[in-house]
Structures are given as C-alpha cells and as structure tokens.
Amino acid sequence: MNKNIERPIAALTMFTKLPLWKIFPNISGESYRHVVTWWPFAGWITGVFCGGLYLLLSLRLPSLPSAFLALGGRLLLSGGYHEDGLADFFDGFGGGTSKEKILTIMKDSHIGTYGVIALIIFIGTFVSLMSSLPPYIGALMIICADPWSKFCSGRMLSFLEYARKDATAKNLAAYPRPTAPDTCIALCFAAIPIILTCIYLNQLVIPVICGVIGSSITTAFLLIFMKKKIGGYTGDCCGAVYLIAELAFCLFFTILYL
C-alpha cells in the first residue's frame with residue numbers, strides 16, 4: 001500500500017477507536033511512526049463528530065447537557081487517549097521536582113490529585129464555552145479548534161527532543177522529526193476547516209483568527225516550559241498540549257465572539 005494512503009489510516013487507527021485495523025491489518029510500523037503528520041486529519045473526524053453531535057443533540061436538549069454529551073461522544077471515539085495524557089502531564093509536572101521524578105510520575109498508570117483537577121477544569125471549561133455559544137457557532141468552533149490544536153501540538157516534534165530513552169517509552173518508540181513536506185501536510189489539514197469556516201461566516205473571521213493566535217501562543221509557552229523542565233517532550237505531553245491549546249482556542253474565540 002502507498003505510504004500516503006497507509007499513514008492517514010494509521011493515524012485514524014491510533015487516534016480513534018474506528019476499527020480500521022480489521023480492514024487494514026497490515027499497516028507497517030513505520031507508518032505508525034509518522035502518524036503525527038496526519039494527526040490534524042484525524043482531528044477532522046473527531047471535530048466533525050463532536051460538533052455534529054452537539055448540533056444534533058441541541059435540537060432536543062438544552063445547550064449544556066448537549067455539550068457534555070458531545071464531549072463524551074468524542075471521548076468514546078478517541079478512547080480518552082489525549083485526556084489520559086493531560087492527567088499524566090499535570091500529575092508529573094505538578095508533583096515532580098526533577099526531570100527524573102516528572103518522567104517517572106507521568107509513566108505511572110495511576111491518576112493523582114493534579115490529574116483529576118486538570119480533567120475537571122478542562123471538561124468544565126470546554127463544555128461551558130461551547131454551550132455559551134449558539135449551537136452552530138459552537139459546532140464550527142470545535143471543528144476548527146480540534147485539527148488546528150493537533151497541528152500546534154505536533155510542532156513539538158520539530159522543536160524538542162524526545163525526553164525519554166526509547167526503552168523507557170510507553171510505545172517503545174520516539175516519533176521522527178517532521179520534514180518540511182510533513183509540516184506542510186499537517187498545516188493544510190489544520191487550516192482547511194478554518195478557511196472554509198471564515199468563508200462561510202464572515203463574522204467568525206476575527207474570533208477564529210484570535211483562536212488560532214491564542215492556541216499558537218499557548219503552545220509556544222508550553223514548549224518552552226517543557227524544554228526547561230524535562231528537556232523535551234513525551235507522548236503524554238503531546239496529548240496534554242493538544243487539549244490545552246484547544247481550550248485556549250475556544251477561550252479566545254468565545255471572548256471575541258460574545
């Protein structure tokens with residue numbers, strides 16, 4: 001199978017619960033090492049699913065429970081992969097006082113106080129922001145925020161080294177540094193929903209641009225923080241930065257829209 005077909009399938013297999021491995025059982029390990037390039041493409045699936053479910057539920061339910069259920073649907077689709085990283089990230093950086101301690105805590109499968117608090121704040125803020133907007137606006141915000149934030153998080157591979165030795169990594173492999181074509185592919189998939197949304201609704205241009213800027217700046221600060229604390233990134237950091245960047249996108253978007 002051509003690598004340009006195999007790699008996006010690998011990304012969907014890794015970042016969602018879609019049973020594509022049953023249809024494509026022979027995806028190479030090399031393709032899985034390049035899934036970050038296609039992570040924003042997976043964001044199309046999870047973003048559209050979350051936004052579409054929110055719109056559908058809003059036809060019969062108030063905005064708040066619709067937003068909770070839409071996020072729950074996305075969690076089921078993604079398997080909570082990134083939320084697990086968010087909890088581990090806050091447990092590690094909240095409880096660790098050295099690089100070794102931080103990495104040890106993040107590798108622990110148990111969730112701690114910092115992780116629980118982080119998940120509560122993320123879910124509560126995410127749901128509150130989405131439900132504060134008209135349903136179709138909230139849906140478009142998530143459709144834009146999901147792939148863009150995944151693109152932002154993926155940039156840590158370009159600027160940071162992997163913080164663990166391969167032998168101690170959860171997936172036993174570090175992702176390779178993206179090439180210029182890889183970055184262009186990821187950027188295209190991240191930008192297309194944003195461009196289409198701005199064309200479709202002119203009043204969303206400023207909120208969307210501010211969301212893009214806010215999530216990008218937030219990502220930059222997080223990368224600097226990780227560089228200082230552990231000298232690089234881990235898989236948990238990728239999931240955590242994606243969710244934090246997405247929350248920043250939604251926060252700035254909502255501030256400028258309301």
Take the alpha carbon gyration tensor of region 88-197, find the square roots of its eigenvalues, order them as a ≥ b ≥ c, and report rounded if a/c is under 1.5; if not, report prolate when a/b exceeds b/c, else oblate. oblate
If the limit is 26 Å between Cα atoms, which of 3/227; 150/229; 101/165; 150/228 go over it? 3/227
Alpha carbon centre of region 19-70 versus region 175-226: separation in Å? 18
Go through region 49-60 residue by residue and turn each phi into a ³J(HN,Hα) via Karplus (6.51, -1.76, 1.60, θ = phi - 60°); whole Hz please, and just put x for glycine and proline. 5, 5, x, x, 5, 4, 4, 5, 5, 5, 5, 10
Tell me the relative contact order for region 1-128 as a rounded percent, counting alpha carbon contacts under 8 Å between residues six or more apart. 21
With a probe of 1.4 Å, find how much accessible area region 59-122 has per residue, and write the answer as a whole number in Å². 54
Run the numbers for residue 184 and residue 76: contour at 0.36 nm per residue of separation, minus the present Cα-Cα distance, in nm. 35.9 nm
What nm value, rounded to one decimal, do you get for the distance between residue 196 and residue 113 when each label is placed 7 Å out toward the C-beta? 4.6
What nm distance separates the two modelled labels at residue 18 and residue 205, each placed 7 Å from Cα along Cα→Cβ? 3.3
For the chain, give the percent of accessible area contributed by carbon and sulfur heavy atoms, probe 1.4 Å, rounded to a whole number. 71
Helix 3-15 versus the longest principal axis of the chain: what angle, 0 to 90°, nearest 10, using Cα atoms? 80
Compute the helix-to-body angle for 235-257: its Cα long axis versus the longest principal axis of the chain, expressed 0 to 90° and rounded to tens. 20
So, R0 is 25 Å and r is the distance between the beta-carbons of residue 213 and residue 128; what FRET efficiency does that work out to, to 0.05? 0.70
Accessible area of region 181-258 divided out per residue, in Å², using a probe of 1.4 angstrom: 45
Before anything else, pin down the relative contact order of the chain: Cα pairs under 8 Å, at least 6 apart, normalised by residue count, whole percent. 26
Where the only charges are on Cβ atoms (+1 Lys, Arg; -1 Asp, Glu), what is the dipole of the chain about its Cα centre, to the nearest 20 debye? 260
Cα→Cβ-extended label distance, 7 Å offset, between residue 255 and residue 101, nm: 3.3
Helix-only estimate, please: 222 nm mean residue ellipticity of the chain, summing -39500 (n - 2.57) across DSSP H runs of length 4 or more and dividing by its residues, to the nearest 500. -24500 deg cm²/dmol
If the label point sits 7 Å along Cα→Cβ of residue 177, residues of region 41-62 with amide N under 19 Å come out as none
Read-out semi-axes √(5λ) of the Cα gyration tensor in Å, derived from the coordinates shown; its label in (i) 36, 18, 16; (ii) 28, 22, 18; (iii) 38, 29, 19: (ii)
Within 11 Å, Cβ to Cβ, of residue 28, how many net charges do the neighbouring residues add up to if Lys/Arg are +1 and Asp/Glu are -1? +1
Once the Cα atoms of helix 135-154 and of the chain are each reduced to a long axis, what angle between those two axes, in degrees from 0 to 90 to the nearest 10, is obtained? 20
Sorted by accessible area with a 1.4 angstrom probe, largest first, how do 111, 185 fall? 111, 185
For a test of the definition: using alpha carbon positions, the gyration tensor, and the 1.5 limit on a/c, classify region 92-131 as rounded, prolate or oblate. prolate
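The values are calculated or read from the model by the stated rules, or taken from the named source; none is laboratory data. The structure presented is a predicted model; accordingly, all values stated were derived computationally and were not measured. Positions of Cβ are generated from backbone atoms using ideal geometry, with glycine treated the same way; all protein chains shown enter the neighbour counts. Protein only, heavy atoms only, side chains kept; ligands, DNA and RNA dropped before computing areas. Shrake-Rupley method; radii C 1.70, N 1.55, O 1.52, S 1.80 Å.
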